[in-house]
C-alpha cells in the first residue's frame, strides 16, 4: 500500500465548518526585553512580571532595572528625559547666577568648588530643599563673603553710568523740593525714602507710611504728617544703607555719610521754636536713633526726656480716636496712635527704665495692610506679606516685658550689685512671661514662618532680652550662701542657646537679604551675642557662631560707627581676659585695628554709654576685677587706648 503524500495541499474546509470549542488557541510568545536581577545572575528565562515566576518559586526579591532596557524606543525616551532634566538644571544655574544675591551665588560656587557636591545636591539647593542657614560655611566661603561685603561698601564714582542705579524702580516716587535744600534730585530722594521704608521703617515703626507719602507728594510744608525736618531726619538715616557719592557730605570722609541731611534736620529743628507736631515727634525719634548708631547715644539719652515730654503733650492734644469718626479721621487717629506707641517703645532699648505704657489703641492686625506687600528693594525678589501690624503690636508687648524686667533688676542707672536671690526671683517671674510671649506669637510671625527682615530682627531682640537677663546669673555672687534656683551653669546654657539662635538668624539673613540692608537695631542684639560667645570659644558650635557674628559686625561697622566701636571693645576685652580668638577672627580684627580703627580720631568722636556686657554681668554680680574697669564704651576704650599709648611710649 502506497505511503500517503503528506505534502499534498489541504482541501478547504467545507462550508459551515467550525473549530471545536475546546480547541486551545495558539500561544504567542511574549518577548521579554529585560530580565530581573536574580534571573540574570542564574541565567534563567524570566517571565518579565514583578515578581517573576522564578522569584516566586525561589522566594527571592525580584528587581527589574528599567534603565538597563536597551530597546531603542525606551532608551531614546530615557535619554530625552535625562537631557531635559539637565537642561532645567542648567537654566536654574543661569537664573541663580543672573538674579540672585552675591552671597547666594557664592554659596552655590562653594558647593561646587570646595565641597564637590553631586548634581542631585546642587539641584536640591537650587530648589530650596537645603536652606543657606544649614550649609556649613567653609573658610574659603567666609573669605569671599567678607570681600564681597567690603566691595559692596565701596562707593560708585559715576552714578549716572551705574547699571544698578539705572535699573532701580523706587518703591515710592517723591519730590526733593521743598523738603530739603541738600539736593534737588528727585530720583535720589525717592531712592533713599524707598530704602528707608524697606529696611528701617518696618521695625522702627512710628510713621504712618501712607499719610507720610501722601503729604510728601503734596509739597505742602504745612501738611499734618510731613515736614522738612522729618524728611531730612529720614534721609539721614536712610543714607546708612547707601554708598553713592551724593549721600556723603565729604566724598573723601567715610564718616560723613548722611551728615549733610543730619545737619539740615538739626537746623530745621531749631526753627520749630518748641512747637509740637506729629512730624516733629517722628523726626526727633528718627534723629535720636541715628545719633545712637553714630556712637553718640549719651546725647540721645539726654534727649529722650525731651522726647517723652513731647509725646505726653501730643497725647493731651490729640485725644484717642472716637468710634463714630469717619474713615478719614480714623486713619489720622491710627497714625497718631502709631506714633505715640512707636516712639515710646521703639526707643526703649536706649533707656527702658523711664518708659510707661501709652493709654492708646494699638495698630489693627487683621492683615489688611499686607495687601501692599514687602519687597526687598533695591534687590530683585518676590513680594511677601509685611505683617506690619503683627510685628508692631508684639514688639510693643516685648518692650513692656523688657521695661518691667529692667526696672525691677536695675532699679536705677547705677548698675549696683544685687543679691542673687533677688535676681533669681525677678528673672524667674519674668522668664515664663517671655516664653509665653514667644509661644503666643501669631502664626504669621513665628520662627520659621517668614524670613522678612523685621520679623527676623524681632526674634533677635527676644533672644537678646533673654541673654541680658540670664547673663546676670552666669557667675556666682559674692557671699552667696543660699541655695540657687537658677544655677550659673543653667544661666550660661540659656545665654548660649539664645546666642546660637541669633547666629543662625544672621546666617539666614546674610544669605537671604545681604547684611548691608538691615535695621540698625540689629547692632544691639548681635553685640550682646558676641559678648556671650566670647567666653564660650572652647565649644566648636559657639566658636563657629562667634566667627559668623563677628564677620557680620565688621560689615555693620562700615555703616554705623557704633558697630565699629563694639568690635574694638570685643577685641580689647579678649586681650584683657587672655582669650584666644579664632584665627579667622584674630586676623580680621588686627586688620580692623590697623586700617579702620583710627585711635585718636575715633576716641574724640565717640560718646557712648553702650555697656561692655562682659563687665556689666560681672558688675551686677559684684565679683571680679571688673569693678575697677569702666563699663561704658567710651570710657572703657579711652582707658584702653591711654594704656596702649603709655606702653608704646615706654617701648
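In region 165-186, of all residues being assigned to a helix (DSSP H, G or I) and at pLDDT below 90, the one that is farthest from the chain's Cα centre (by Cα) corresponds to 166. Would you say residue 575 is touching a residue at least 24 places away in the same chain (Cβ under 8 Å), in a helix (DSSP H, G or I) and not assigned by TED's automatic domain parsing to the domain that holds residue 253? In short, no. Pull up region 207-222, narrow it to residues that are part of a loop (DSSP other than H, G, I, E, B) and in contact (Cβ under 8 Å) with a residue 40 or more places away in the chain, then point me to the one that is farthest from residue 195 (Cα to Cα). That would be 221. Within region 380-413, the residues that satisfy the criterion of being in contact with a helix residue (DSSP H, G or I) (Cβ under 8 Å, 6 or more places away or on another chain) and outside any helix (DSSP H, G or I) are 380, 385, 386, 387.
Examine region 599-610 for a residue that is surrounded by 14 or more Cβ atoms within 10 Å (Cβ to Cβ), within 22 Å of residue 546 (Cβ to Cβ), in contact with a helix residue (DSSP H, G or I) (Cβ under 9 Å, 6 or more places away or on another chain) and at pLDDT 70 or above, and state whether such a residue exists. Among the residues of region 599-610, at least one is surrounded by 14 or more Cβ atoms within 10 Å (Cβ to Cβ), within 22 Å of residue 546 (Cβ to Cβ), in contact with a helix residue (DSSP H, G or I) (Cβ under 9 Å, 6 or more places away or on another chain) and at pLDDT 70 or above, which makes the answer yes. If you go through region 324-355 and keep only what is part of a helix (DSSP H, G or I), at pLDDT below 80 and crowded, with 20+ Cβ neighbours inside 10 Å, you end up with 344, 345, 346. Within region 611-644, restricting attention to residues that are modelled with pLDDT of 80 or more and part of a loop (DSSP other than H, G, I, E, B), the residue that is surrounded by the most Cβ atoms within 10 Å (Cβ to Cβ) is 612.
Only one of these conditions is not met by residue 489: (1) on the phi < 0 side of the Ramachandran plot; (2) buried (at least 17 other Cβ atoms within 10 Å of the Cβ). Which number is it? Checking residue 489 against (1) on the phi < 0 side of the Ramachandran plot; (2) buried (at least 17 other Cβ atoms within 10 Å of the Cβ), the one that fails is (2).
Only residues that are over 18 Å from residue 377 (Cβ atoms) and outside any helix (DSSP H, G or I) were counted in region 229-256, giving 6. Annotation: residue 190 fulfils all but one of (1) in a helix (DSSP H, G or I); (2) under 26 Å from residue 523 (Cβ atoms); the unmet one is (2).
The values are calculated or read from the model by the stated rules, or taken from the named source; none is laboratory data. Only a predicted model underlies this, so the values are computations on that prediction, with no experimental measurement involved. Neighbour counts are summed over all protein chains in view; Cβ atoms, including those assigned to glycine, are modelled from backbone coordinates with ideal geometry.
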